[in-house]
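Each value in this text was obtained by applying a stated rule to the coordinates, not by laboratory testing. These numbers were taken from a predicted model, which means no experiment stands behind them. Glycine also receives a Cβ, built like all others from the backbone with ideal geometry; neighbour counts cover every protein chain displayed.
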């Protein structure tokens, strides 16, 4: 449905003019596809709901077993049949934990109130329980590509920067130390990925840069780029990050950063 020259609804036009043809509307567009995917997602129970359902099932089975045993013992002892049946039914009803959902709701509401005191607003109670069930936090910068097109004499040059893994994936050649272009072989890709890990281990935020010569701005695509190298930025964490990580670890939550 879409080609490299297609424009989506959220595309920003900065200059120039063009004539376009609408090829899709509504749910047939890219945004419509996302909406259909969201609608098709089946709702899932939270960990607390799953545990409550499992506990309720276990209590019901236990109550039925006790009722059956008491009923059989009563009949064997020659008791009144009607009285034994009524007592068994009453015992089964009393064994059902009717107040369990109320207690769980009050506990979640208390957690929501405590979070509100720290300026954190929660819309759904289940979100409080989900936060309480967190065991691992993964933090990373989303890998994106950013490109700009500039006029150079009679041609156009596109400069690209972004996450190293994304830029390397879009590159087919690289510039050597002598300025000669060479094919970006798997060995060279592995070398630059290793260099990226080394720079990241030193606390740097790493960006990769690439370029490509174009005949027109409309031909700008993230493909067949020429890899230029890596840029390491010293981007120290905010002052409150160490304290936040310490608090997470004290709560039994693993924090993995990259």
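Applying the Kirkwood pairwise sum to the alpha-carbon positions of the stretch 145-234 produces a hydrodynamic radius of 13.5 angstrom. Pick from 239, 15, 151: which is most flexible by mean-square fluctuation in a GNM of the chain where alpha carbon atoms under 10 Å apart are linked? Taking springs between Cα atoms under 10 Å, the residue moving most is 15. The relative contact order of the stretch 145-234 comes to 36 percent, based on Cα pairs under 8 Å that sit 6 or more residues apart. Protection proxy ranking of 216-229, 28-41, 123-136, by the mean of other Cβ atoms within 10 Å over each peptide's residues and highest first, is 216-229, 123-136, 28-41. Computed on the Cα trace of the stretch 61-135, the radius of gyration divided by the Kirkwood hydrodynamic radius gives Rg/Rh = 1.36.
Against the compact-protein benchmark of 2.2 N^0.38 Å, the Cα-based radius of gyration of the stretch 80-226 scales to 2.09. Principal-axis analysis of the Cα atoms of the chain puts helix 30-39 at an angle of about 10° to the longest axis.
Think of it as helices only: each DSSP H run of n ≥ 4 in the chain is worth -39500 (n - 2.57), and spread over all residues that comes to -14000 deg cm²/dmol at 222 nm.
Among 173, 25, 185, the largest mean-square fluctuation in a Gaussian network model of the chain (Cα springs under 10 Å) belongs to 25. By the Kirkwood approach, averaging reciprocal distances over each pair of separate Cα atoms, the stretch 1-93 gets a hydrodynamic radius of 19.8 Å. The P(r) of the chain has a tail past 26 Å containing 69 percent of all C-alpha pairs. For the stretch 1-42, taking the reciprocal of the average inverse distance between every pair of different Cα atoms yields a Kirkwood hydrodynamic radius of 12.1 Å.
Angle of helix 100-116 to the longest C-alpha principal axis of the chain, folded into 0 to 90 degrees and rounded to 10: 40°.
Label-to-label distance for residue 136 and residue 70 is 4.7 nm, based on points extended 7 Å past Cα in the beta-carbon direction. Specify the residue with the greatest mean-square fluctuation among 149, 82, 167, computed from a Gaussian network of the chain linking alpha-carbon atoms under 10 Å apart. Comparing 149, 82, 167 in the GNM, the peak value goes to 82. Using the alpha-carbon atoms, what tilt in degrees (0 to 90, nearest 10) does helix 241-250 show relative to the longest principal axis of the chain? Helix 241-250 sits roughly 30 degrees off the main axis of the chain.
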